[in-house]
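Each reported figure results from applying straightforward, stated rules to the coordinates on display, with no laboratory input. Predicted model only: the values in this text are computed from it and were never measured. Because the Cβ atoms are built from the backbone with ideal geometry, glycine has one as well, and the counts that use them run over all protein chains shown.
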Amino acid sequence: MINKVKYPALFIFVLLIASCGGAPDYSPKPRGFFRIIYPKKEYQAYTEGCPFTFDYPKYGTIEQDKSRGAKSCWQNIQFPQFNATLHLSYQPVTSPKEFNELVEDAHKLSFKHTVKATSIDEAAIAYPERKVYGVYYTIDGNAASSAQFFLTDSTKHYLRGALYFNSEPRLDSIQPVLNFLKKDVDVMIKTFKWKKS
């Protein structure tokens with residue numbers, strides 16, 4: 001008689017445990033990203049001892065490039081909030097041959113990213129009233145640099161810029177920040193002037 005009561009009690013106990021809470025939900029959760037809070041777009045003028053001026057965002061800080069072989073007017077605009085750096089390197093032009101070499105170097109350095117890039121677009125930059133000319137390279141895909149450019153007056157001055165993120169390049173995660181910073185690069189180019197010598 002004891003055995004008959006024991007098994008129905010065990011059955012009811014298991015049934016109660018199984019019915020509590022229902023089946024667990026093991027569906028995969030969608031991938032999320034950190035929320036990015038963008039600062040207000042405010043600009044200030046760069047007018048230091050180099051032969052050019054431009055406007056750059058107040059949330060960026062300009063530092064002298066300390067890499068080996070860096071020259072006096074090589075600067076980095078740091079964006080610590082976004083873990084990004086806009087590298088700027090200035091070179092005085094001394095001859096037409098040197099000018100052609102600098103332009104070719106800018107082209108080669110941009111197209112060096114072909115391995116990871118899905119496309120590379122070139123756009124001409126021309127502000128004849130300020131004698132500012134150049135090429136803007138937009139590099140799509142998981143390349144280390146997504147935006148590069150050079151500016152020149154075609155005779156005496158040459159400046160190259162390259163935007164890099166200090167992390168593994170993954171376009172799907174940096175795209176919103178990249179779009180935000182590209183607007184700052186556009187402002188820099190649109191306000192860029194050579195100082196009168």
Over 32 Å between C-alpha atoms is what I'm after, so list which of LYS108/LYS195; LYS108/LYS196; LYS66/LYS182; LYS40/LYS108; LYS58/LYS196 land there.
LYS40/LYS108
Inter-label distance, nm, simple model (7 Å from Cα along the C-beta direction), ILE62/THR94
2.5
Taking amide H positions as placed 1.01 Å from N in the peptide plane, with prolines and chain starts having none, which residues 5 or more places from VAL93, or on another chain, fall under 5 Å of its amide H?
HIS157, TYR158
So which trypsin sites (Lys or Arg not before Pro) in the stretch 114-197 pass both tests, a DSSP loop state and at most 16 other Cβ atoms within 10 Å of the Cβ?
LYS116, LYS131, LYS156, ARG170, LYS195, LYS196
Note, the stretch 151-167: 3J(HN,Hα) by Karplus (6.51, -1.76, 1.60, θ = phi - 60°), whole Hz, Gly/Pro = x, goes 10, 7, 9, 6, 10, 10, 10, 8, 9, 10, x, 8, 9, 10, 9, 8, 7
Collect residues whose amide H, placed 1.01 Å from N in the peptide plane, falls under 5 Å from the amide H of GLY141; neighbours closer than 5 in sequence don't count.
THR118
